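Q: The structure's right below; bear with me while I get my questions together.
Laboratory data are not the source of any read-out in this text; all were calculated from the coordinates shown. The model shown is predicted, which means the values in this text are computed figures rather than measured ones. A quick note on method: Cβ atoms are made from the backbone with ideal geometry, for glycine too, and the neighbour counts reach across all protein chains shown.
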Amino acid sequence: MGGAAGAVARHFVGSVIEGRNSVISVNLVGSFILGFVSGFPGASTAMLLVGVGFCGGFTTFSSFTIETVTTAESGEILLATRFALINLIGAVGALILGSLLVSATVWPTKYQYSPTDPSCVGKALVLDTHERGGVFYILDPAKRKV
C-alpha cells in the first residue's frame, strides 16, 4: 500500500521534473520523510508503511546509480561527481533534518508513568522498545524538555 503510493508519487515527480533533478528531488524529499517518521518513538507501524513502503517506492537508488554512471561515461566526470555528492550528502542531511524537526517539536519527555498521578491522566503513552530500553514516554508538548 505504501509502496504503491510512493511509486505513484515518484511517477508524478518524474513527469513534472525531468532527468537528474527529479532523482535528486525524490531522494532528498524521501530521506527527509524517512528521518521525520523515524524520529517518533514507537513508530514501527508508521516506519513500515511510510518508511519502507512509501519511501522505498518513492526514492530511487537505481536511477541515481544509472544517472551517475552514464554522466561519467559521457565524459562529464565533474558533473557526475557533483550529482553523486548532492544525492549522498543531501540525503543524509535531509534525513537528519527530518529527525531533528521531530525532536524539536513533538519529542516526548521520559517520565515514570503512574495511573494515579494526575499529570499522567489523559496523556498519550508510547512504549518505545527499540532505542530507549522499553520505557514509557508521555506525549505532552507542555512538558517537553529539549
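Q: When the residues of region 1-55 are narrowed to those that are of a type in the set (D, E, K, R) and buried (at least 19 other Cβ atoms within 10 Å of the Cβ), which ends up nearest to Thr68 (Cα to Cα)?
A: For region 1-55, the residue satisfying everything is Arg20.
Q: Within region 61-88, which residues are surrounded by 20 or more Cβ atoms within 10 Å (Cβ to Cβ) and closer than 22 Å to Gly3 by Cα?
A: Residues satisfying the conditions are Phe64, Asn87.
Q: Tell me, please, whether a residue that is within 30 Å of Ser103 (Cα to Cα) and within 14 Å of the chain's Cα centre (by Cα) can be found in region 4-14.
A: There is at least one residue in region 4-14 that is within 30 Å of Ser103 (Cα to Cα) and within 14 Å of the chain's Cα centre (by Cα).
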